[in-house]
Amino acid sequence: MSELFKKSLNKKNPIWLMRQAGRYLPEYQEVRKKQKNFINFCLDVNAATKVTLQPIQRYDLDAAIIFSDILVIPYALGQPVDFKKNEGPVLGDFELNTFKKTQDKEFIKKLKNVYLAIKKTRKLLNKRISLIGFAGSPWTILVYVLNRKSPKKNQVYKEVLKNTKQAKELLKIIEKFIYIHIEQQIKAGADTIQLFDSWAGLIEKKHLDFFCFQPTKRIVKKIKGKYPHIPIICFPKGIGKKVVEFCNIVKPDGLSIDSKIDVNLILKKIDKKIAIQGGMDPKYLNSKKKLMEKKIYFYLNKFKSRNYIFNLGHGVPKETSPKTVHKLVKVVRSFS
């Protein structure tokens, strides 16, 4: 089991932050300005390793998360992926036949630098710090493949319902390669895995089981069957009360919660064997210190009797001061 989960089980208040290696850090910006293409940045072993370690060198965190992106999967399947300033990810047209014909070895070769960065990072990390590997969940990757950018609900459903057969075929292929990507990260040295279903909140309730619960369940079951010592955290963002059904079906080791989740529902309905992670709205990092502390203590107190990993309900905003993150870590560390 990873050190992150051991600390959670021992009620040590472990902490790491989504997007902890990123735009709010001046040292990250120094590396980023030398990289013209974001996907190439993710595939630059030295640069990816360097920025993964930056928040670890700056803060007293319990885990590093490898610097990469969920969109390396469509990239490795042959779909062009670009990141435009003030716009975010923009994907080109995809060819279903190209996706179908992609060989496992070809896919792994395209992403080998992600795995090399994990291997290098693991060697440089203190053993007490976990290294998190990650991937997007099948639905979220499907959304980007079809929508070619960050979605709006109607756009996505029009695209899915317009060609259900194609959507199902894509989902199956994506699921297969997500597992391959995760397995390669574990082999390279990742001791914890997080699955990001960032757009799960877009799915209509009647479609949640097919597009979210079942594909994620199959991946989790396969990983746990082969790598039982590797904890898997799932983040089905935005599904509200349906998170209870998600946990009953998927059975993850950890559940990452967004800031809109009813904490009391989690306490009453989620199996105590599942570690809870996150919750605090990232906007409070840019509020007054007392309000931020109040929100930190809210989650730490609520989950005092549970296995809990402190994190945010989403990633660190780019306008956050590094000093604020230092204060956040200090408050969490001083809690007892």
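Right, Gly315: modelled with pLDDT of 95 or more, small (Gly, Ala, Ser) and buried (at least 22 other Cβ atoms within 10 Å of the Cβ) or not? So Gly315 does not fit the description; no. Whether any residue in the range 95-109 is surrounded by fewer than 17 Cβ atoms within 10 Å (Cβ to Cβ), within 22 Å of the chain's Cα centre (by Cα) and touching a residue at least 12 places away in the same chain (Cβ under 8 Å) is what I want to check. The answer is no; no qualifying residue exists. May I ask you to verify whether Lys50 is more than 18 Å from the chain's Cα centre (by Cα) and at pLDDT below 95? For Lys50, the condition - more than 18 Å from the chain's Cα centre (by Cα) and at pLDDT below 95 - is not met. Since Ser8 meets every condition but one in (1) in contact with a helix residue (DSSP H, G or I) (Cβ under 7 Å, 6 or more places away or on another chain); (2) small (Gly, Ala, Ser); (3) outside any strand (DSSP E or B), which condition does it not meet? Exception for Ser8: condition (1). A single member of Asp271, Asp253, Asp258 is surrounded by fewer than 15 Cβ atoms within 10 Å (Cβ to Cβ), on the phi < 0 side of the Ramachandran plot and modelled with pLDDT of 95 or more, and it is Asp271. Met1 meets the stated requirement of being aliphatic (A, V, I, L, M) and out of contact with any Gly (no Cβ under 6 Å at 6 or more places or on another chain). When the range 76-122 is filtered for residues that are modelled with pLDDT of 95 or more, within 21 Å of Thr52 (Cα to Cα) and touching a strand residue (DSSP E or B) at 6+ places or on another chain (Cβ under 8 Å), the ones remaining, listed by number, are Ile118, Thr121, Arg122.
Yes/no matrix, rows are residues, columns are (1) free of Cβ contacts under 8 Å to residues at least 40 places away in the same chain; (2) not hydrophobic (A, V, I, L, M, F, W, C):
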{"position": "Ser2", "(1), (2)": "no, yes"}
{"position": "Lys34", "(1), (2)": "yes, yes"}
{"position": "Ile56", "(1), (2)": "no, no"}
{"position": "Ala64", "(1), (2)": "no, no"}
{"position": "Ile70", "(1), (2)": "no, no"}
{"position": "Phe83", "(1), (2)": "no, no"}
{"position": "Asn86", "(1), (2)": "yes, yes"}
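Checked against (1) crowded, with 19+ Cβ neighbours inside 10 Å; (2) without any contact (Cβ under 8 Å) to a residue 60 or more places away in the chain; (3) among the hydrophobic types (A, V, I, L, M, F, W, C); (4) farther than 17 Å from Ile174 by Cβ, Val90 passes all but a single condition, namely (1).
For beta carbons closer than 8 Å, sequence separation of 6+ or different chains, a first residue in the range 215-226 that is farther than 12 Å from Asp253 by Cβ and a second that is surrounded by fewer than 17 Cβ atoms within 10 Å (Cβ to Cβ) and of a type in the set (A, V, I, L, M, F, W, C), the qualifying pairs are Lys217/Ile249.
The values are calculated or read from the model by the stated rules, or taken from the named source; none is laboratory data. The structure displayed is predicted, hence computed values, not measured ones. A quick note on method: Cβ atoms are made from the backbone with ideal geometry, for glycine too, and the neighbour counts reach across all protein chains shown.
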